[in-house]
Amino acid sequence: MAARGIIFPKFGYALASNLFVLIAAAGLIVADLSVSALDPWTEMHRLLTGFAQPDFLAIEGMSVVWTIAFAVLGVALGASAGLSLALVFSRLRTIRILCASLRSVHELFWALLLLQVTGFSAITGVLAVAIPYTGIFAKVFAEMIEEAELSAEKALPAGTSIVARFAYVRIPDLAPQFWTYTLYRLECGLRSTLVLGFIGLPTIGFHLDSFFKQGHYAQAAALLLCFYVLIGTRRLWARPATIPLLIVASLLVLPEAIGSTSALTNLMRFVGHDIVPAPLRNADLLAITTWASLVTWLWPIIINQAVPGVIQTLVLSQIAVVAMGLIALLSFPFICTRFAGRVGQPLGRVVLVVVRSTPEYMLVYVLLQLLGPSMLPAIIALSVHNGGIVGYLLGRQADALSYRPDAPKGLNLYFYEAVPRLYGQFLAYALYRWEIILRESAIFGILGVMTLGFYVAAISEIRFDVAMILIVVTALLSMAVDALSRDLRRRLRIDTMPTRLSEVPGGTPAGLTADGRRLV
């Protein structure tokens, strides 16, 4: 394409990759990557020593039980509500906007809001998972419904309702896919409920927070290993036949709520007063001065909190996306039989599964203890976790490739055969995870990283109206990046490539999309 003698390069894989790398390089100039810990090596030595001697007797059994219960009920509720919305997802724009809004707000933000209504109760933990997962399930289930075979519907009489069509034609074909994805989402739900413990709910994360703060790394190691066992054995104890039993058992073991205030009273106060902007409370909404006061109140929030928070969140997420890509491209050969061999491939797969099973929030929490508050711990956590996910998926794709009998070996096979053939799929995964990385970047502010979540800490100062404004900004930013990601995938013609593990050749039925909100 030329204009006045200037030739513009075609927007393809190379240009898209170079743009992301250049923006990340510019971000490195302004990013805070300092290490402020006085003696990080000594602390790391203590951490590794503790992890080498896990104290399993310190495990609080009920925290494990409640972690499972919150995840099971949250995912079950989210899947049920999401399936109902999926039936009309493609027909109603309002439903699509609602679902996008629900899934754009992180589980931790939902939990912080719900704490003001339902307190430290099981309802808070379950709904904090169920609400965003409803938006995720609705979108993914709707995509599955649209991609399903429609020829059987021709046999139905004219005027058959949407529900009847779905029940008699779609469910028999889609039920296995729904179960596959729902069971995978349970794994995501376990990670989410663990993280909820860091804000006071009685899950594994609550005790991890306590152990790490006290430097009791042996006890923390035991809890982490217990969690990895939960994730690793999920397919053994979470099956379609056992899910009803798990739901009933989860309902029976839920912890009692702390305090006895009325949730309805709290809800009315929260919606009718707390999150209403201060200038609008008990004000004359028809008066010009009221709205002038609102602008005066809102302007410093936007300038001093929202704008800096958005910039820092974008900088952090952009660097993490590029670092994730490098890790994924370097790591996928370690789980590919063609490169790692039959002995190395299982070992590489175990490492990547452990990496992807570790919640980013917890990893950032640990790194902040070692390195001090800056963007560096967040970048490391996001890039390692998501790089492990994408590397795992690319390795599965690489194993499914058919190679020529005279194909090169070693580095030549990697650079001239595998990477060129997988690069489009790699970009599809990377762009898909871009919005997820941005959501996680925002939430890390609660830990002290200067992103949007840092300013949402106003919620701890009983300034819920300010916190609500910033959460809305976070959701809008997430939706904007999600839309841009879809547009880039369409322009690169990779929008039809798989982004769920169940779609990966040779993949196991795990429905890896997350999201959430979709791959992991």
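The values are calculated or read from the model by the stated rules, or taken from the named source; none is laboratory data. Here the structure is a predicted model, which means the values were calculated and not measured. In this analysis, Cβ positions are derived from the backbone assuming ideal geometry, glycine residues included, and neighbour counts consider all displayed protein chains. For the accessible areas, the whole protein counts, side chains as well, though only heavy atoms, and no ligand, DNA or RNA atoms are used. Shrake-Rupley method; radii C 1.70, N 1.55, O 1.52, S 1.80 Å.
Listed by first and then second residue, the pairs with beta-carbon distance under 7 Å, at least 6 apart or on different chains, first residue in the stretch 478-495 and in a loop (DSSP other than H, G, I, E, B), second of a type in the set (Phe, Trp, Tyr), are 492/13.
Hey, does the stretch 328-345 have a residue that's modelled with pLDDT under 90, open to solvent by 10 Å² or more (accessible area, probe 1.4 Å) and within 30 Å of residue 211 (Cα to Cα)? Scanning the stretch 328-345, I find no residue that is modelled with pLDDT under 90, open to solvent by 10 Å² or more (accessible area, probe 1.4 Å) and within 30 Å of residue 211 (Cα to Cα), so the answer is no.
Of the residues that sit in the stretch 431-464 and are farther than 18 Å from residue 320 by Cα and either in contact with a Lys or Arg (Cβ under 8 Å, 6 or more places away or on another chain) or open to solvent by less than 10 Å² (accessible area, probe 1.4 Å) (or both), which one is modelled with the lowest pLDDT? Among those that are farther than 18 Å from residue 320 by Cα and either in contact with a Lys or Arg (Cβ under 8 Å, 6 or more places away or on another chain) or open to solvent by less than 10 Å² (accessible area, probe 1.4 Å) (or both), it is 458. The lone criterion from (1) surrounded by 24 or more Cβ atoms within 10 Å (Cβ to Cβ); (2) out of contact with any Phe, Trp or Tyr (no Cβ under 7 Å at 6 or more places or on another chain) left unmet by residue 394 is number (2). For first residues located in the stretch 372-392 and of a type in the set (Phe, Trp, Tyr), partners that are open to solvent by 10 Å² or more (accessible area, probe 1.4 Å) and lie 6+ apart or on another chain with Cβ distances below 9 Å form the pairs 392/331; 392/349; 392/352; 392/353; 392/355; 392/356; 392/520. Checked against (1) without any contact (Cβ under 8 Å) to a residue 24 or more places away in the chain; (2) closer than 17 Å to residue 374 by Cα, residue 26 passes all but a single condition, namely (2). Going through the stretch 346-377 one residue at a time, which ones are over 18 Å from residue 194 (Cα atoms), among the aliphatic types (A, V, I, L, M) and open to solvent by less than 20 Å² (accessible area, probe 1.4 Å)? 352, 370, 375 - these are the residues of the stretch 346-377 that are over 18 Å from residue 194 (Cα atoms), among the aliphatic types (A, V, I, L, M) and open to solvent by less than 20 Å² (accessible area, probe 1.4 Å).
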